[in-house]
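To start, the structure under review is shown below, and the notes come after it.
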Amino acid sequence: MEIATVVKANGGCEADRRRLRRLRCSVKDYDWGKIGSDSLVYRVYAANSDDQIDSTRPYAELWMGTHESGPSYLEDADGSNGVTLRSWIAENPKSLGNRVLEKWGCDLPFLFKVLSVARALSIQAHPDKKLAKKMHKAHPNLYRDDNHKPEMALAYTQFEALCGFIPLQELKSVIRAIPEIEELVGSEEANQVFCISEHDEEKLKSVVRTIFTLLMSADPDTTKKIVFKLKRRLHMESQERQLTDKERLVLKLEKQYPNDIGVISTFFFNYVKLNPGEALYLGANEPHAYLFGECIEVMATSDNVVRAGLTSKPLDIQSLCSMLTYKLVNHTT
């Protein structure tokens with residue numbers, strides 16, 4: 001699917017310098033997207049298209065850029081697709097400006113998206129440049145780009161996400177309050193959290209890496225049993241006390257992704273709620289997952305994603321657990 005937008009042409013002949021060129025941009029129908037008119041992506045698409053639009057499908061992402069997985073095209077006079085934006089830029093490199101040309105060459109260095117999220121995206125991270133080159137060389141079919149993918153999300157509506165590991169004191173509280181984690185990773189490993197200081201950064205990272213890797217690597221049968229046990233306990237306790245925001249989120253995610261290890265690993269991450277106009281930066285090798293809402297997103301031109309939970313797509317748990325920075329930072333303030 002494609003959608004029309006416009007781009008200013010600063011290169012080419014003098015008559016073209018101030019013309020606006022209409023683009024037809026790709027739309028993705030991933031299953032986590034909002035359905036039909038509930039989706040901002042759908043509404044923008046519908047406002048700029050004469051085509052018959054299927055309002056029963058999910059409309060998850062609008063891509064504006066030159067990436068081959070969702071290229072933009074210049075619209076011809078008859079409304080059809082012309083050359084790709086990438087080809088047009090190659091023929092009109094001055095349209096990027098000298099600074100961009102000197103640093104990134106003759107291609108658009110960023111990818112711009114609109115996202116409409118109805119249910120959680122995968123727990124994921126994006127490799128840095130060095131790792132991206134290595135992963136692309138080893139598995140080009142799975143990791144199609146040799147570029148990093150730092151990204152920033154600007155909330156268009158109320159927007160929820162998981163981002164980065166929680167601070168040490170909060171992690172200690174989680175280990176005490178959620179016995180199912182200890183059941184999965186073992187008491188000896190879980191209790192290491194209580195024997196370290198936030199001032200010993202390397203030891204702290206090592207302990208969190210060990211616990212998180214054990215958790216994410218749990219076998220499916222054990223995971224299924226423990227997730228069910230967690231769900232049952234929280235439902236019972238909800239009759240006697242008010243569940244925390246994180247606990248309510250865990251129950252919501254369990255409905256979306258039953259028996260998924262990502263349900264339990266949610267306790268390890270900051271739960272971020274953005275108001276419209278607020279933004280979230282996601283650096284390389286940092287775990288995150290978008291949960292709900294609509295946002296405008298900009299990133300380096302790459303589509304590399306390493307997934308480890310809350311998804312039916314292929315997982316690469318070993319790569320994700322080995323690549324993370326394991327920085328413990330409060331992203332909620």
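Bear in mind these aren't lab numbers, they're just calculated from the coordinates by the rules spelled out. Since this is a predicted model, take the numbers as computed values, not measurements. Cβ coordinates were reconstructed from backbone atoms using ideal geometry, including for glycine residues, and neighbour counts include every protein chain displayed.
For volume of the Cα convex hull per residue in Å³, the listed values are (i) 137; (ii) 128; (iii) 156; which was obtained by calculation from the structure presented? It is the value labelled (iii). With contacts taken as Cα pairs under 8 Å at a separation of at least 6 residues, the chain carries a relative contact order of 24 percent. Using the Cβ-Cβ distance between residue 210 and residue 49 with R0 set to 51 Å, the FRET efficiency works out to roughly 0.50.
Take the cross-link list 103/149; 149/327; 34/149 and give me the ones stretching past 21 Å between alpha-carbons.
On the way: 103/149 17 Å; 149/327 18 Å; 34/149 24 Å.
Distance filter (> 21 Å) returns 34/149.
Ordered by the number of other Cβ atoms lying within 10 Å of each residue's own Cβ, fewest first, 104, 32 fall into the sequence 104, 32.
Bridgeable aspartates and glutamates around residue 229 (alpha carbons under 15 Å apart, same-chain partners fewer than 8 residues away excluded): 180, 182, 183, 221, 237, 247, 254, 260. As a rough footprinting exposure proxy, the listed residues 196, 261, 226 were ranked by other beta carbons within 10 Å of their own, and the order from fewest upward is 196, 226, 261.
Let me make sure I get this right: for segment 138-274, a, b and c are the square roots of the gyration tensor eigenvalues over alpha carbons, sorted descending. Under 1.5 in a/c it's rounded, otherwise prolate if a/b > b/c, else oblate. Which is it?
Rounded shape, in that the Cα axes give a/c under 1.5.
Sequence gap at least 6, Cα distance under 8 Å: using those rules, report the relative contact order of segment 209-297 to the nearest whole percent.
31
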